[in-house]
Structures are given as structure tokens and as C-alpha cells.
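Inspection log for the structure reproduced underneath, given as C-alpha cells.
The values are calculated or read from the model by the stated rules, or taken from the named source; none is laboratory data. Small disclaimer: the values here were computed from a predicted structure and weren't measured. When we count neighbours, we look across all protein chains shown, and the Cβ atoms used for this are built from the backbone with ideal geometry, even at glycine. Only protein heavy atoms, including side chains, enter the accessible area calculation; ligands, DNA and RNA are left aside. Shrake-Rupley method; radii C 1.70, N 1.55, O 1.52, S 1.80 Å.
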Amino acid sequence: MEINTPIAEDIRVTDQNSQYDAACRRLLSDKTILAWIMKSCLAEYRNCDIKEIAEKYIEGTPQVHEVPVMPDETNAAKIRGVSNVDASRTEGTVIYDIRFLAVAPSNGELIQLIVNVEAQGQFYVGYPLIMRAIYYCSRMISAQYGTEFVHEEYQNIKKVYSVFICMDPPKNRRNSITRYRLTEENLVGNVKEPVRHYDLMTMVMVCLGGADGENYDGILKLLDVLLSPKAGEAEKRQVLQEEFDIPMTEILEAEVHQMCNLSQGVMDLGRAEGMAQGMEKGMVEGLLASIRALMSSMGWSAEQAMEALKLPETDRLKYTDLLQKQ
């Protein structure tokens, strides 16, 4: 018989959330969905057709979050010199959610971009997310040494993008897309360096917000519906097919189906966790009321009241603190 201990429940919740996160990444790695992200967020593709981006400019198969291994033991880096795992002996290992090579039209020539797309569930993680995006771009540039350029061939450095899709941003950022990049600023004189010489990294923060806010259209609506744990399978299919002309292939259909199943599981777990927390809070408040009643009616101390209620020794300090705070 399976016993749901607290640690077993934590593992189950973590596993459910991990599966949900993995489903998000797989959906975002669909080439047509990536094409929408690129057209909306990357300047190089603003005037391109979605189908053209998906079929012509995204190279190979996007690398999706995997378990990292030592760089000498993986073949992922053999794929056009790009992998979703970036390992450094001195800086540690970074695993990108989705990483792929893209070719962009520029002045009749084709240039390469290395694009990273991150699905971010929490906005506040102990540091500004934009700093992680900058770090990822820096790592993607430095990781090109030995594959895209060697020695002092810095002219061969490829531009990199890091796009963070934030599913639960604060109110002041909802339904917004913000770009951060290197620009030229003349402090003395009037110098014009070719933009391609310094425009080598761009960070984009895509913050979803739901239908209640402004700017709810285009890529913001597409991603909000696609990644929402509340949107049903029929709604996701309808938005993908009718509003964004995204064909429902068997693979995408299966991913959407799994995503919806996992979404329901995540919501069920959230409700169960909320109910458990509510029950625990009710029990605590009930015990506090009983302790106060005995102290008032019997003239007992808090310790005597807790003794009469057979409160475990391990919990008495907690309730003493709560009594003093209230």
C-alpha cells in the first residue's frame, strides 16, 4: 500500500511540475511556434513570413532541455557546433531550455544567429531575470570559441539572442515585450561603427498577462493560451489553427493533449495543497482558541493549558510564539 508521507507528496508535486515544464519546452520547440516568437521578438525576421521562417531559417532540430554530460562525451555539440548544454570547467554547466541555430536575411546575405528560448514559470527567483539572460548571451558568445572562431578571428562571432517567456510576471510587466541590446553612444565626436560589429547580443523579456490586460494579441495571446494550465484542449487547438494558422500535426496534437492532461494535474495538486494548508491553518487557529479559553476560564498559564490539551512538546514553542504575536 502506498503511503503519502510529506516527502512523498513533495516528490509527486515536483515530478508533476517537472513534467509540465518539460511539456512547455516541447511545445515551444515546435518550429512554427518558434517562428512566431522570432517574428515578434527578433528584428531580423520582422518582415518575414511565418512559414518562411519555420522552413527556411531555422536550422536542424532545436535542442530541448536534457540531462547534461561532460562535453567530451556528448555528440550534441557536433550538430553545427550548437547544443543546449554549455559546459565550462571554470564557470560550471548551463542547460538552455531550447537552443537552436537560425539563419537571417540581411542585405541580401545570410548571417547566422544562435537563439536561446527560456520558459520561465516564476519571475522572482532571488535575482533579476534580465541578468541571467545577459549571462546566457555571454556564455553563448564565449562558447563559440573553437567552433565558430579560433585565435583572434573575432569577426566570425555569431550574434546571439536569449528570449525569456515569463508566465507569471508582476502586474506592471504583464502583456509586455521588452528588448535589451548593445547600442553605440558618442561621448566625444561623431563616430559611426557598422552596427553588425557590435550588435552581437540581444535579450528579450516576453511577459504574459492574460486576456484581462491590454495588448492581448499576437504572440502574447498565442503563448498565453498555449502555456496556460487553465485553457482547455479545444481552446488551444482553436487558437493555434484559426487565429495563428498553425497546422495541428500529429506530434503537436499529442503535445497539446499531454500538456492539457498535465495542466489538470498541476491544478488538482494546487487545489489539494491549498486545501491541506487551509485545514492546517484551521487546526492551528482552533488550538490557539482552546488555549486562550483555558487560560481565561481557569486562570492557567499557556504551558498549563497546552499540557491539559496534551499538545506535543515539540509544538509548544510554536504556539507560545503565536500567542505572543496575537
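Report, in listed order, any pair from Lys159/Lys192; Lys39/Lys230; Lys39/Lys221; Lys56/Lys158 with a Cα-Cα distance greater than 23 Å. Correct reply: Lys39/Lys230. Classification of the stretch 102-161 by its C-alpha gyration tensor yields an oblate form. The axis ratio a/c (a ≥ b ≥ c) is 1.5 or more, and b/c is at least a/b.
Near the amide H of Glu59, within less than 5 Å, lie the amide hydrogens of Leu101, Ala102, Val103, all on another chain or at least 5 residues away, with H placed in the peptide plane. Shown in residue order for the stretch 236-251 are the 3J(HN,Hα) couplings computed by the Karplus curve 6.51 cos²θ - 1.76 cosθ + 1.60 at θ = phi - 60°: 4, 4, 4, 5, 4, 7, 7, 8, 10, 6, 9, x, 8, 5, 4, 5 Hz (x for Gly and Pro).
What the phi angles of the stretch 144-161 give under the Karplus curve with 6.51, -1.76 and 1.60, with θ = phi - 60°, is a coupling list of 6, 5, x, 10, 8, 8, 9, 6, 10, 8, 5, 5, 8, 5, 8, 5, 10, 10 Hz, glycine and proline written as x. Couplings for the stretch 131-138, taken from phi via the Karplus curve 6.51 cos²θ - 1.76 cosθ + 1.60 with θ = phi - 60°, read 5, 5, 4, 5, 4, 4, 4, 4 Hz in order; Gly and Pro are left as x. For the stretch 115-212, chymotrypsin sites (Phe, Trp or Tyr not before Pro) meeting the loop criterion (DSSP other than H, G, I, E, B) and having at most 12 other Cβ atoms within 10 Å: Tyr124, Tyr198.
Shown here for the stretch 185-223: trypsin sites (Lys or Arg not before Pro) in loop regions (DSSP other than H, G, I, E, B) with at most 14 other Cβ atoms within 10 Å, namely Lys192.
Surface exposure of the stretch 124-250, expressed per residue as accessible area with a 1.4 Å probe, stands at 59 Å². Applying 1/(1 + (r/R0)^6) with R0 = 25 Å to the Cβ-Cβ distance of Arg46 and Phe123 gives a FRET efficiency near 0.40. Annotation: amide H-H contacts under 5 Å for Met201 (H modelled 1.01 Å from N, sequence separation of 5 or more, or interchain): Val160, Leu182.
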